[in-house]
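Take a look at the structure below.
Laboratory data are not the source of any read-out in this text; all were calculated from the coordinates shown. In this text the structure is predicted, and so the values were computed from the model without any measurement. Methodologically, a virtual Cβ is constructed for each residue, glycine included, from the backbone with ideal geometry; neighbour enumeration extends over all protein chains shown.
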Amino acid sequence: MPAETVTARFQFIVPKEWKSKYRPVCIHLAGTGDHYYWRRRTLMARPMLKEAGMASLLLENPYYILFKINLV
């Protein structure tokens with residue numbers, strides 16, 4: 001496995017206050033062509049946070065990190 005893929009990069013979006021004793025979290029994996037967080041954060045994570053009080057963990061695809069590093 002390439003060294004660049006060992007470290008996971010992610011964003012964790014949580015509510016300021018939980019609505020109940022349960023703390024639900026949805027894990028969003030990157031789909032094909034999803035190079036950044038903005039689409040999952042804007043279209044899925046924020047609405048889930050607002051409507052259901054559910055946190056989201058947005059995981060970046062490790063092989064896209066390798067691709068970005070090679071472009072620089």
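Numbers for the structure displayed
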quantity	calculated
Calculated log₁₀ intensity ratio I(q)/I(0) where the Debye formula runs over C-alpha points of segment 1-59, q = 0.13, 0.19, 0.23, 0.27 Å⁻¹	-0.38, -0.69, -0.90, -1.11
Long-range amide H partners of A30 with built H, under 5 Å	L59, N61
Protection proxy ranking of 7-14, 19-26 - average other beta-carbon atoms within 10 Å, highest first	7-14, 19-26
Within-13-Å neighbourhood charge of A52 [Cβ basis; K, R +1; D, E -1]	+3
Whole-Hz ³J(HN,Hα) from phi, Karplus 6.51 cos²θ - 1.76 cosθ + 1.60, for segment 13-25, glycine and proline x	10, 10, x, 5, 9, 7, 7, 8, 6, 7, 10, x, 9
Net charge over other residues, Cβ less than 15 angstrom from the Cβ of R23 (K, R count +1; D, E count -1)	+2
Net charge, L43 excluded, C-beta distance under 15 Å - Lys, Arg +1, Asp, Glu -1	+3
